[in-house]
Amino acid sequence: MTFTSGSFTPILTNSLIASRIWTPNWRNGFFSPFNMVHTFASTRSRLLKNKNHYKRLTLSSCSRSFSCQSTALSDINSTSHTVSSNGHLRYGRLMPCPLQNSPPRVEHLVVTKEGPVLEYICKALDLPPLYVEDLIQFGAVYYALVCPKPPPTASPEQIKVYEEVTDPSILRQRTSIKGKTVREAQKTFKITRADEIIEAGTYLRVHVHPKRFPRCYDIDWKSRIIAVTDDYVVLDKPAGTSVGGTTDNIEESCATFATRALGFSAPLLTTHQIDNCTEGCVVLARSKEYCSVFHGKIREKKVKKLYLALAAAPIPIGILTHYMRPINMAPRLVSEDFVKGWLLCQLEVLECKKVPWPSSEIQRTYNLEDCGWTLKDFAYECQINLLTGRTHQIRAQLAACSAPVVGDSMYMPAAIAEIVCPGSNPFGKNKKLYSNENDKSLAIDEWIAQHGKEPSVAVGLQACQISWDDGQHCYGARLPWW
């Protein structure tokens, strides 16, 4: 029995489908927008139309599956896999690293026969063994003893499949889940070995197209090491890289490449995060014990972070206060006014000075995106003391002040929209009054749509200094890229 999915996903079969979304994080790009549909045995495919999308329902005699796509096969980068003459994808290896990411493809499987995980995935998804081995090394394959419960948006067919594989009479026969609640058995874990044996009924999630980080291979990682101690390593993280990896790619991460550059046998561990498009100081722990110690320092607010932000407009000196919507998805919405349940965001602008806008050569070097800002003679370098550490906080707050970070393709378009049409931001200074909640909800959706995609490499943001224990430990990054 097979569950297949993926957002904007090419599938190996000729007939492809798309359906309702399995997760509320559908705007979050890579982070698991699983589109699912159930397929039945026999008969041919037929076309369906849902809202503005044409969707094709495949009916397979081999398996029951959920699958989806809305990206052309020609968009797939040829370095990891190619398109054969019959339109099927031909997979090779995950290396060399492609310059662009392939459209997300996530497959959901329920194992029908006990055996090695590598063998099962290869057969179920028609993937070559070396490619699946690479996926496992990348941390792109997960399992759960019991198939996770489908969300309220699931179709009756999807719910039927779930009920079949989680029927109590079936679960009682599985010794591996005795003593566990169903909820405990539905927790997912990474598959770490290609020869791992999986039993019938096990749920597998395979991220067939991991998010890639080609810049990892262009960096002189030893030159980015700021300090090495018995407990931790301080790294000057390059823009366009992930600190500790993503859900489907722990291989191409700062932690992995720094570990190799230093020749350590034990992997360095992530203690905190900064955005992929941000550069600067990060602390990597050399042991689980110090990782816990540093987490404690963060909780106790003993860690101080200073940032340099290259803003498109001047920002007043002093403390900026906003409130962030507590939804774990991008873009992060912030409000000028207090909103019950929203998270306090505060930063202190210590200095703001006028500097030249980055040259065209620098923009090309760092893949800086042209987001449509019209005044490009000068930018404004601001030193910021981050008082609360929310995801995208500096980027969202500065954009809300009509001074977005240079190159920020996600937040700058929204800032421009608010400048051109005051009141577009339902949480800004010029927000409108709405007669009912439905109108406000529509306005929020329209505001979210004004935001762009996540930057591909760099934005004008650097974690320039990190210190803790009242300055007993203090480290600074090199000069920012601009």
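The values are calculated or read from the model by the stated rules, or taken from the named source; none is laboratory data. Computed from a prediction, not measured in an experiment: that's the story for all the values here. Ideal geometry is used to build each Cβ from the backbone, glycine not excepted, and the neighbour counts take in all protein chains shown. Protein only, heavy atoms only, side chains kept; ligands, DNA and RNA dropped before computing areas. Shrake-Rupley method; radii C 1.70, N 1.55, O 1.52, S 1.80 Å.
Working only within segment 87-104, note down all residues that are crowded, with 16+ Cβ neighbours inside 10 Å and within 21 Å of Phe257 (Cα to Cα). If the condition is that a residue be crowded, with 16+ Cβ neighbours inside 10 Å and within 21 Å of Phe257 (Cα to Cα), then Leu94, Cys97, Pro98, Asn101 are the ones that fit.
Condition check ((1) more than 28 Å from Pro404 (Cβ to Cβ); (2) part of a loop (DSSP other than H, G, I, E, B); (3) open to solvent by less than 10 Å² (accessible area, probe 1.4 Å); (4) among the small types (Gly, Ala, Ser)) across all residues:
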site: Val233; (1), (2), (3), (4): yes, no, yes, no
site: Arg260; (1), (2), (3), (4): yes, no, no, no
site: Tyr290; (1), (2), (3), (4): yes, no, no, no
site: Val293; (1), (2), (3), (4): yes, no, no, no
site: Ala309; (1), (2), (3), (4): no, no, yes, yes
site: Pro316; (1), (2), (3), (4): no, yes, no, no
site: Ile319; (1), (2), (3), (4): no, no, no, no
site: Asn328; (1), (2), (3), (4): no, yes, no, no
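Only one of the numbered conditions (1) under 30 Å from Pro214 (Cβ atoms); (2) open to solvent by less than 50 Å² (accessible area, probe 1.4 Å) is violated by Leu130, and that is (2). Being open to solvent by 70 Å² or more (accessible area, probe 1.4 Å), modelled with pLDDT of 90 or more and under 20 Å from Thr202 (Cβ atoms) holds for only one residue in Glu107, Glu163, Glu114, and it is Glu114.
Those residues that are open to solvent by 20 Å² or more (accessible area, probe 1.4 Å) and assigned to a strand (DSSP E or B), I need them from segment 262-283; list them, please. Scanning segment 262-283 gives Leu269, Thr270.
Condition check: at negative phi, modelled with pLDDT of 95 or more, assigned to a loop (DSSP other than H, G, I, E, B) and not hydroxyl-bearing (Ser, Thr, Tyr). Does Pro413 satisfy that? For Pro413, the condition - at negative phi, modelled with pLDDT of 95 or more, assigned to a loop (DSSP other than H, G, I, E, B) and not hydroxyl-bearing (Ser, Thr, Tyr) - is not met. In this structure, Phe294 does not satisfy being more than 17 Å from the chain's Cα centre (by Cα) and free of Cβ contacts under 8 Å to residues at least 60 places away in the same chain. Close Cβ contacts (under 6 Å, 6 or more residues apart or on different chains) running from residues in segment 142-166 that are within 22 Å of Glu114 (Cα to Cα) and in a strand (DSSP E or B) to residues that are of a type in the set (D, E, K, R) and open to solvent by 20 Å² or more (accessible area, probe 1.4 Å) comprise Tyr142/Lys190; Tyr142/Arg205.
Would you be able to tell me the number of residues in segment 432-456 that are in contact (Cβ under 8 Å) with a residue 40 or more places away in the chain, in a loop (DSSP other than H, G, I, E, B) and surrounded by 14 or more Cβ atoms within 10 Å (Cβ to Cβ)? Explain how you work it out, then say what you get.
Within segment 432-456, the first condition is being in contact (Cβ under 8 Å) with a residue 40 or more places away in the chain, and the residues that meet it are 444, 447-448, 451-456.
Next cut, in a loop (DSSP other than H, G, I, E, B) only: 451-456.
Remaining after also requiring surrounded by 14 or more Cβ atoms within 10 Å (Cβ to Cβ): 451-452, 454-456.
So the answer is 5.
If the condition is being surrounded by fewer than 18 Cβ atoms within 10 Å (Cβ to Cβ) and either of a type in the set (Ser, Thr, Tyr) or assigned to a loop (DSSP other than H, G, I, E, B) (or both), then segment 457-474 contributes Ser467, Asp469, Asp470, Gly471, Gln472.
Select from segment 202-231 the residues that are open to solvent by less than 20 Å² (accessible area, probe 1.4 Å) and assigned to a loop (DSSP other than H, G, I, E, B) and list them in ascending order. Walk me through how you get there before you give the answer.
Filtering segment 202-231 down to residues open to solvent by less than 20 Å² (accessible area, probe 1.4 Å) leaves 202-204, 206-210, 212-213, 216, 221, 227.
Correct list: Thr202, Val208, His209, Pro210, Arg212, Phe213.
Looking only at segment 166-186, filter to residues that are loosely packed, with under 10 Cβ neighbours inside 10 Å and among the hydroxyl-bearing types (Ser, Thr, Tyr); which one of those is nearest to the chain's Cα centre (by Cα)? Checked segment 166-186; the qualifying residue nearest to the chain's Cα centre (by Cα) is Thr181. Assess whether Tyr380 counts as being touching a strand residue (DSSP E or B) at 6+ places or on another chain (Cβ under 6 Å), open to solvent by 30 Å² or more (accessible area, probe 1.4 Å) and either in contact (Cβ under 8 Å) with a residue 12 or more places away in the chain or among the β-branched types (Val, Ile, Thr) (or both). Answer is yes for this residue.
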